[in-house]
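**Student:** Have a look at this one.
Values quoted throughout were computed directly from the atomic coordinates according to the rules given, and no laboratory measurement underlies them. Everything quoted here is computed from the prediction, not taken from an experiment. Positions of Cβ are generated from backbone atoms using ideal geometry, with glycine treated the same way; all protein chains shown enter the neighbour counts.
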Amino acid sequence: MAAPNMEQRKACWGARDELWECLDRNNEDAAKCQHLRLSFESKCPQQWIKHFDKRRDYLKYKKKLETEGYSPLETTGKS
């Protein structure tokens, strides 16, 4: 696959941003944002979709750590 040109990148990033905003507004309810997910998948290369999905998960995890803090797992014995 050829690298996306500037217009294709802008379309992909715009579709990603719209999807992420929808997910934020709807408490991660993917069913309510399905039409935007389909648009995102049609405008972005598959490898980018994987990257952006992982990126969103990472950013949500990072935000959770920043707001709730880190709490280690409790262990039931000493090693």
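**Student:** Report ³J(HN,Hα) in whole Hz for each residue of region 31-47, in order, from the Karplus equation J = 6.51 cos²θ - 1.76 cosθ + 1.60 where θ = phi - 60°; Gly and Pro get x.
**Tutor:** Per residue, the Karplus-derived 3J(HN,Hα) values read 4, 6, 10, 4, 4, 6, 5, 5, 5, 4, 5, 7, 9, 10, x, 4, 5 Hz.
**Student:** So what are the ³J(HN,Hα) numbers for region 60-68, from phi and the Karplus equation (6.51, -1.76, 1.60; θ = phi - 60°), rounded to whole Hz, Gly and Pro as x?
**Tutor:** Here the 3J(HN,Hα) series is 5, 5, 4, 5, 4, 4, 5, 8, 9 Hz.
**Student:** Under the rule that an exposed site lies in a DSSP loop and has at most 13 other Cβ atoms within 10 Å, name the longest stretch of the chain with no GluC sites (Glu not before Pro) of that kind, not counting the sites themselves.
**Tutor:** Result for the longest clean stretch: 29-73.
**Student:** When Rg is the radius of gyration of the Cα atoms in the chain and Rh is its Kirkwood radius, what does Rg/Rh come to?
**Tutor:** Looking at the chain, the ratio lands at 1.16.
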